[in-house]
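Inspection log for the structure reproduced underneath, given as structure tokens.
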Amino acid sequence: MQPLVKITALTKQFGHLTAVDHLSFSVEPASVYGFLGQNGAGKSTTIRMLTGLIMPTSGEIEIFGLSLAKHKKEILQQIGAVIEKPDVYQYLSAYDNLQLFARLSGIRPTRISLMDQLAQVGLAERAKDKVAGFSQGMKQRLGIAIALVHQPQLIILDEPTNGLDPQGIADIRHLIIHLRTEMKKTVIVSSHLLSEIEQVATQLLIIHKGKKVKEGNASELFDPAKTVVQLSTERNDTAWAVLQNSVWQPYLERITPEGIILKVDRRQIPALHQSLVQLQIPLISLQPRHSLEDYFLQVTTPGYVDTLSN
Amino acid sequence: MKKISLLCLSCMLVVAIQAQDMTPLVQKVRAKIEQVKDYVAVGTMKTDVSFIKAPIGKVKVYFKKPDLFSIKKEGGISLLPKGGVSINMSSLMATTSFVALSAGEAVVDGIKTRVVKLLPMNENSEVILTTLYIQEATLLVLKAVTSTRENGTYEMTMQYGAYQQYGLPDKVIFSFNTKDYKLPKGITLEFEEETKPLTEAEKIKNRKGRVEINYSNYTINQGLADAVFKK
Amino acid sequence: MWTLFQIEVYKIFRRPRTYIAFAAITGLIGIIQFGLKLDGEQYVEFMMRDITSSITIEGNILNGYQVCYIVLQVLLVHVPLLIALVAADMISGEANMGTLRLLLTKPISRDAFLVAKFMATMVYTLLLLIWLAILALFLNMLIFGTDDLFLLKSSYVVLLRENDIFWRYCGAFAFAALAMSTVAALGFLLSLFANNSIGPIVATMSIIVFLTILSTLNIPLFSYVKPYLFTTHMIGWKEFFDIKVNASNEALSGTIQHPMRIIQSALVLLAHIVLFLVVSIWVFRKKDILS
């Protein structure tokens, strides 16, 4: 199947700074593409290039099989984007903002349709209130309503959970899943927070200093069978020796000043715990480190060596 | 010696004849003018001053004996030489105590006139000297040059037509001196380049202004209230 | 484009800041009217002192037309700031609010977006001038009545008859609208370079002050550039109030002394507007939206 979005050798330079460096990736239709990277990695710059806000220094962007440089208007008709925090017109009401942006998107929705859109994001009761009085979460929801008002095929969300409370974050997560599974939309979502991405993304790209570090299927990158566990005991060297003579020897990775590192299937952790008790190893802590988090931290820190890949 | 004496006496006689009293002529002219007790005249007034751009305006002129005179524009703004236009023949002739001396003859607009110097006897009079150019045959004053204490020297030139029997002109031209006018460009916000400076001759020419009144109709001796002359 | 234009005009007039200029003009003109109604005679005497040494002026000098002229002389120096309040905020304000990035992810071309905003700015300028005309001309005609107009130029004075004035004011206001549109176009261009409207507003006024100084100073060096400065031509509206005279120095009603100056000034202003717009479009096409 032809990818919905195809990026080839995308580069952006601001003076001497290379914000995005020969980035290439593809996004399949009806997927959630997670764009992961630390602050300043180049995620927002890439997304702004995808939406035509920034001109690439070089490289190609193809969306829906069309070149963005040549068919920008047609492409944007099928894109709904929320770039960073969604700022709307504070002196207008939620309804007026939605209506205004709907008209800019080329549609003239009826009053009922607009109220329906607001109801979907939980803002129907505040439709006539000026946005200046809205909380950050409400503004975010309004931004999403604006992004979706013209029923786009591709939704781009840049740091959608910034400033939201846990309920707001959960709402965004459910929305993204709903868009993909029920509405068959394609979503590109960027974040620096691993926990958000891993719950929704079907594909993932890790970007660091403008360069792609890793791209792949989500299940490949955070396989529960590769859960890293760190044991901390009263005497780590003694515990290491004991474990080497146990059934857990194949899972041992290394010993560090902080503890012993094993790589096990997540489901084996209770058994490991039981074994440690039986082996009379005085345990201080047993910490399963998420493989994706570990992976992310490793690939985005200097001197990265890919020890976790097969 | 005798011949020299006779020559001197002859000269004195000639001088005496020349400085003859013109009072009778002036009084005849005055008698003609004094037929008019009051009048209302309709006319147009043109202001010709180098630093004034003004269109012709319709005016009404009011006069009542002995010296009430007013020019009123029918609505609008009128520009008149300071103090000068109130001088008119009737006012000039109003004074009874004067000395009228002949100053020879002159031609005004192709017409031969007798030149008469009128000196008011009243030392406090605003008018210091008036020179009249009188057409003796018709007893009409064709030109008057008046020097005043406060407002400089004015010249009036008259042309007569339908109302000459009353001594009322069809056209009066007042000529008077003006001062230079200049405002800083920073105040008037004009940024155009300076025009070339005027020559001395042009400057002198620009210091003279004219007001020309053409009368189209007189309503004479119909009665006029004094209130008309209040400002 | 029409939809974009409607939306931009809608946004301008829904924003409270827009009405500051209208309120300021109302207040300023009101104060002038109040002052002249109370002390107008003294003001007129002061104005006329140079000329009344040799000429007596009679009539209702302080009429509605005269007051309107006084208002225009004062306000058209200061109205540019009120224009800049909105014009210099058109793009920078959107960037500051964060709405620019939202707008430009919609399926609208940057050129169309910019031109629509520019046209909306022109509409605002025009409406401000119309408001100025209503207060300065029509309201003053009601309060002070109408009569001839007596104007003091630097080296001569002009008397315009009452029936020869109204059309001149129509022309003057139209010209003033063109002049203020030039200011608006400059502010609009400068607003592309900032994410906050304070900078472009200050920059617009600074440029106008600087160029006005060059326009007014009679230094020979500046005479080469003066004809090309739009500030030199912004006061071209005054040419509507100068009149031709014939050979006998009689003013000819219905004429203008230097009609070509008006046309030339209008063309210079129009050229500046086009230049500012073209540069704005060129800059905006290349601009990375980072706000």
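Where residues in the stretch B:103-151 are within 24 Å of residue B:207 (Cα to Cα), in contact with a Gly (Cβ under 8 Å, 6 or more places away or on another chain) and not β-branched (Val, Ile, Thr), which of them is modelled with the lowest pLDDT?
If we take residues in the stretch B:103-151 being within 24 Å of residue B:207 (Cα to Cα), in contact with a Gly (Cβ under 8 Å, 6 or more places away or on another chain) and not β-branched (Val, Ile, Thr), then B:151 is modelled with the lowest pLDDT.
If I filter the stretch C:132-149 down to residues being assigned to a helix (DSSP H, G or I) and surrounded by fewer than 16 Cβ atoms within 10 Å (Cβ to Cβ), which single residue comes out as farthest from the other protein chains (Cβ to nearest Cβ)? Break it down stepwise before answering.
Our first condition is that a residue be assigned to a helix (DSSP H, G or I); within the stretch C:132-149, this holds for C:132-144.
With the extra rule that they be surrounded by fewer than 16 Cβ atoms within 10 Å (Cβ to Cβ), the set shrinks to C:134, C:138, C:142-143.
Details: C:134: 24, C:138: 20, C:142: 18, C:143: 18 Å.
Out of the qualifying residues, it is C:134.
State the number of residues belonging to the stretch B:21-49 that are of a type in the set (S, T, N, Q), within 14 Å of chain C (Cβ to nearest Cβ) and surrounded by fewer than 19 Cβ atoms within 10 Å (Cβ to Cβ). First the steps, then the outcome.
We begin by selecting, within the stretch B:21-49, every residue of a type in the set (S, T, N, Q); these are B:23, B:27, B:35, B:44, B:47.
From what's left, within 14 Å of chain C (Cβ to nearest Cβ): B:44, B:47.
Those left that are additionally surrounded by fewer than 19 Cβ atoms within 10 Å (Cβ to Cβ): B:44.
Result for the stretch B:21-49: 1.
Filter the stretch A:167-201 for residues that are assigned to a loop (DSSP other than H, G, I, E, B) and either under 19 Å from residue A:64 (Cα atoms) or under 9 Å from the mean Cα position of the chain (by Cα) (or both) and give the result.
A:183, A:184, A:185, A:192, A:193, A:201
Quick one: which residue in A:37, A:15 is crowded, with 22+ Cβ neighbours inside 10 Å and either over 15 Å from residue A:158 (Cβ atoms) or small (Gly, Ala, Ser) (or both)?
On inspection, the qualifying residue turns out to be A:37.
Taking the stretch B:49-62 as the search range and keeping residues that are touching a Phe, Trp or Tyr at 6+ places or on another chain (Cβ under 8 Å) and touching a residue at least 60 places away in the same chain (Cβ under 8 Å), which one is farthest from residue B:33 (Cα to Cα)?
Applying the filter and picking the extreme gives B:51.
Yes or no, residue by residue, for (1) modelled with pLDDT of 80 or more; (2) more than 14 Å from chain C (Cβ to nearest Cβ); (3) within 21 Å of the chain's Cα centre (by Cα); (4) more than 17 Å from residue B:51 (Cβ to Cβ):
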residue	(1), (2), (3), (4)
B:155	yes, yes, yes, yes
B:161	yes, yes, yes, yes
B:173	yes, no, yes, yes
B:176	yes, no, yes, no
B:180	no, no, no, no
B:202	no, no, no, no
B:205	no, no, yes, no
B:208	no, no, yes, no
B:223	yes, yes, no, yes
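Name the residue, out of A:47, A:107, A:63, that is out of contact with any helix residue (DSSP H, G or I) (no Cβ under 6 Å at 6 or more places or on another chain) and either within 19 Å of residue A:25 (Cα to Cα) or among the hydroxyl-bearing types (Ser, Thr, Tyr) (or both). Steps first, please.
Working: A:107 fails: either within 19 Å of residue A:25 (Cα to Cα) or among the hydroxyl-bearing types (Ser, Thr, Tyr) (or both); A:63 fails: out of contact with any helix residue (DSSP H, G or I) (no Cβ under 6 Å at 6 or more places or on another chain).
None of the other options fit; the residue is A:47.
Residue A:95 fails exactly one of the following numbered conditions: (1) of a type in the set (Ser, Thr, Tyr); (2) in a helix (DSSP H, G or I); (3) within 12 Å of another protein chain (Cβ to nearest Cβ). What is the number of that condition?
Just one mismatch for residue A:95, condition (3).
Quick one: what pairs do we get from the stretch C:150-171, first residue more than 7 Å from chain B (Cβ to nearest Cβ), second surrounded by fewer than 21 Cβ atoms within 10 Å (Cβ to Cβ) and assigned to a loop (DSSP other than H, G, I, E, B), C-beta under 7 Å, 6+ apart or different chains?
Going by the 7 Å Cβ cut-off, the qualifying pairs are C:164/C:253; C:164/C:254.
Could you grab me the full set of residues in the stretch A:100-112 that are free of Cβ contacts under 8 Å to residues at least 40 places away in the same chain and either facing chain C (nearest Cβ under 10 Å) or in a loop (DSSP other than H, G, I, E, B) (or both)?
A:100, A:103, A:104, A:108, A:110
Which of the strands (runs of 3 or more DSSP E) contained wholly in the stretch B:103-179 include at least 3 residues that are more than 22 Å from residue B:71 (Cα to Cα)?
Per the criteria, B:111-120, B:127-135.
On the basis of being within 28 Å of residue C:158 (Cβ to Cβ), in contact with a Lys or Arg (Cβ under 9 Å, 6 or more places away or on another chain) and free of Cβ contacts under 8 Å to residues at least 60 places away in the same chain, does residue C:216 make the cut? Even if it seems obvious, please write down each step before you answer.
Working: within 28 Å of residue C:158 (Cβ to Cβ): yes; in contact with a Lys or Arg (Cβ under 9 Å, 6 or more places away or on another chain): yes; free of Cβ contacts under 8 Å to residues at least 60 places away in the same chain: yes.
So residue C:216 passes the test.
List the helices (runs of 4 or more DSSP H) inside the stretch C:19-127, counting only whole elements, that have at least 1 residues being more than 13 Å from every other protein chain (Cβ to nearest Cβ), among the polar types (S, T, N, Q) and closer than 30 Å to residue A:77 by Cβ. First the steps, then the outcome.
Details: elements: C:64-87, C:92-97, C:99-104.
Counting at least 1 such residues, we get C:92-97.
Collect the residues in the stretch C:219-245 that are facing another protein chain (nearest Cβ under 10 Å) and in a loop (DSSP other than H, G, I, E, B), keeping them in residue-number order.
C:229, C:242, C:243, C:244
Checking residue A:56 against (1) within 13 Å of chain C (Cβ to nearest Cβ); (2) within 30 Å of residue C:13 (Cα to Cα); (3) in contact (Cβ under 8 Å) with a residue 12 or more places away in the chain, which test does it fail?
For residue A:56, the failing item is (2).
Take the residues in the stretch C:192-214 that are closer than 18 Å to residue C:79 by Cα and of a type in the set (S, T, N, Q); name whichever of them is nearest to the other protein chains (Cβ to nearest Cβ).
Across the stretch C:192-214, the extreme among qualifying residues is C:212.
In the stretch A:115-128, what residues are within 29 Å of the chain's Cα centre (by Cα) and surrounded by 16 or more Cβ atoms within 10 Å (Cβ to Cβ)? Before you say what the answer is, go through the steps one by one.
Within the stretch A:115-128, the first condition is being within 29 Å of the chain's Cα centre (by Cα), and the residues that meet it are A:116-124.
Hits for the stretch A:115-128 are A:117, A:118, A:121, A:123.
Can you confirm whether residue C:274 is farther than 20 Å from residue C:214 by Cα and at the interface with chain B (Cβ under 8 Å from one of its Cβ atoms)?
Details: farther than 20 Å from residue C:214 by Cα: yes; at the interface with chain B (Cβ under 8 Å from one of its Cβ atoms): no.
No: the conditions fail for residue C:274.
Within the stretch A:139-162, which residues are surrounded by fewer than 19 Cβ atoms within 10 Å (Cβ to Cβ) and at pLDDT 90 or above?
A:151, A:153
The values are calculated or read from the model by the stated rules, or taken from the named source; none is laboratory data. Everything quoted here is computed from the prediction, not taken from an experiment. Ideal geometry is used to build each Cβ from the backbone, glycine not excepted, and the neighbour counts take in all protein chains shown.
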